[in-house]
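Here is the structure we will look at.
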Amino acid sequence: LPKNDLASQALDHCIFPIIDAADVKRDGPVVIASGKGMTITDGSGVDYLDMISAYTRANSLGYGNEEIAKAVYDQLCKMHYAGTVSMVTEPMVQLAKSLSELRPDAGLSRAFFVSGGSEAVESAIKIAKQYQIGSGKKPHAYKIIARWSAYHGATAGAMALTDHLSVAQTPDPRMPGVSKIPNPTCYRNPFGMGDEEYAMFCADYLEQQIIHEGPELVAAFIGEPLMQANGAQVPSKAYWQRVREICDKYGVLLIIDEVICCFGRTGKWFAAEHFDVMPDITTMAKALSAGYAPIGAVLTRPDIADAIDHFRHVHTFSGHAGCAAAANAVIAIKQRERLIPKALENGVYFKAGLVEALGEMPAVGDIRGLGHWHAVDFTSNRKTKALPDPKMVKGIAEKMRSLGVLVGAAGTAIEVAPALIASHADFDRTVAAFKQAIESVSKDYDI
Ligand code: PLP
């Protein structure tokens, strides 16, 4: 198809997720023709610096990586897929072993593979419930506690744990047994507490919720190590330490959902490492294959896996050999190029640049993040931290796009989360575009 026809053909034949249908019809989808490194090129030949990793954060090694493509190609030619039940392939076993070695102190040496983040969360829920029953510890436990504003996916079970965005607003019934508690947020919270006071309130709330639900019925608590709602919410170490303590006290399994944080996004293989917290079960996807193949995983400890004598769960593409080959190549590249520690250093550099350029701007309330995931949170009044006009936030992101830099609007904040190959020059350009966009857009608002 000629490139300029693609957008209209897409409107005729594709369904677009999350976004208002009227907006897509008005603006048309952006046809992306190619990508190399940090840059994507649209159908009219316009280049964009992708500082948001293809919006989903999956693209953690940039575009056009031939090493990963070749690893997948070679594997597909040799043995593309051996089914799921009782057969294994070399890349799948290699991947399971490598994952357990990335954070050996956590003892998460058993892996189950899936095709993405939501399936990883579904699998985690099933492991938690089947463990509680299989081990005989809590034979009737079916309840899961999740958090306000959480995002855990769009399939039925994962959506029940989700409290964020339009996926949580559909009218169909939810998986029973899920309750939600407050989550620690930075800068603003509904009770006007200080960040740390609020974080500890949220952690203590978990204990009250477990008691309220009946400890013998609660199988697990799930949380993202850093939450995405309103941009890169970095909690304190004390929060996660207290959550771990409470889970241990009541025999509640701790599921840490690393789908968006894992594999270097925050400058560690797993974001939970920042908080010295060990999950009982952890989920991952997205950057696991740097977006080169659809794969997710759930990891747990042998004592948990072994208590389940018959895991009642399966997906056709679990352990797909080509996807596992992509993930193995991604691990090899990230290790060889030392991209994870570099991401931590880059984060310090980027944050300093943001603070210097934007820190005193009247529309900017907070600048936070870790590694390759930062957010600038906006306000219409720095003294009162009043919410910004959502049109202003969107307008700033759009202005940055017109300056050739892609970032993501997330509620009151704009997020920057580039691939791990982003250079200091890419960060500098982003800071400059941010400053120009805020100056140009915020003057139309009464701040
Ligand atoms: N969990 C978290 C923390 C996520 O951020 C996401 C997606 O953004 C998911 C689960 C769902 O992953 P997927 O979209 O691959 O199903």
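Every read-out reported here was derived from the displayed coordinates using simple, explicitly stated rules and does not represent laboratory data. Just so you know, these numbers come straight off a predicted model, no measurement behind them. Positions of Cβ are backbone-derived with ideal geometry, glycine not excepted, and every protein chain shown enters the neighbour counts.
Between Glu67 and Arg174, full extension at 0.36 nm per residue minus the direct alpha carbon distance yields a gain of 34.3 nm.
Remark: the stretch 155-160, residue by residue, has Karplus-estimated 3J(HN,Hα) of 7, 4, x, 5, 5, 5 Hz, where x stands for each Gly or Pro and the curve is 6.51 cos²θ - 1.76 cosθ + 1.60 at θ = phi - 60°. Run a plain Debye calculation on the stretch 296-447 (Cα atoms as equal point scatterers, no solvent) and give log10 I(q)/I(0) at q = 0.13, 0.14 Å⁻¹, rounded to two decimals, same order as the q list. Summing over Cα pairs of the stretch 296-447 leads to -0.72, -0.77.
Binning all Cα-Cα separations of the stretch 313-357 at 5 Å, short to long from zero, yields these whole-percent fractions: 5, 18, 14, 13, 12, 12, 10, 8, 5, 3, 1. Amide H contacts for Ser149 (H built 1.01 Å from N in the peptide plane; partners 5 or more residues away or on another chain; cut-off under 5 Å): Asp163.
With θ taken as phi - 60° and the Karplus curve 6.51 cos²θ - 1.76 cosθ + 1.60 applied, the whole-hertz 3J(HN,Hα) list for the stretch 38-54 is 8, 10, 10, 10, 8, x, 9, x, 7, 8, 10, 7, 8, 9, 9, 6, 6 Hz, x standing for glycine and proline.
Taking other C-beta atoms within 10 angstrom as a stand-in for reagent exposure, Ile256, Ile396 fall in the order Ile396, Ile256, fewest first. Here, the stretch 17-137 is characterised by an Rg to Rh ratio of 1.07, where Rg is the alpha-carbon radius of gyration and Rh the Kirkwood radius. For the stretch 340-417, the Stokes-Einstein estimate of translational diffusion at 4 °C and a viscosity of 1.567 mPa s comes to 101 µm²/s, using the Kirkwood hydrodynamic radius over alpha-carbon pairs.
Applying the Kirkwood pairwise sum to the alpha-carbon positions of the stretch 128-265 produces a hydrodynamic radius of 15.4 angstrom.
Under 5 Å from the amide H of Ala33 lie the amide H atoms of Thr41, Asp42, Gly43, each residue being 5 or more positions distant or on a separate chain, with H modelled from the backbone and absent for Pro and chain starts. Once the trypsin sites (Lys or Arg not before Pro) in DSSP loops with at most 14 neighbouring Cβ atoms within 10 Å are cut out of the chain, the longest remaining piece is 175-311.
Put simply, the C-alpha atoms of the chain give a gyration tensor, and the ellipsoid matching it has half-axes of 34, 29, 20 Å, longest first.
Between Asp306 and Trp148, residue separation times 0.36 nm minus the direct Cα-Cα distance comes to 53.7 nm. With only Cα atoms counted, the stretch 198-239 has Rg and Dmax values of 12.1, 35 Å. Over all Cα atoms in the stretch 373-447, the spread is summed up by Rg and Dmax: 12.4, 38 Å. Spin-label model, Ala352 to Arg382: label points 7 Å out along the Cα-to-beta-carbon direction sit 2.2 nm apart. Straight distance only, please: which lysines reach the Cα of Lys138 with their own Cα at less than 21 Å, same-chain residues fewer than 8 apart left out? Partners within reach: Lys126, Lys129, Lys180, Lys249. With distances taken between every two different alpha-carbon atoms, the stretch 115-175 has a Kirkwood hydrodynamic radius of 12.2 Å.
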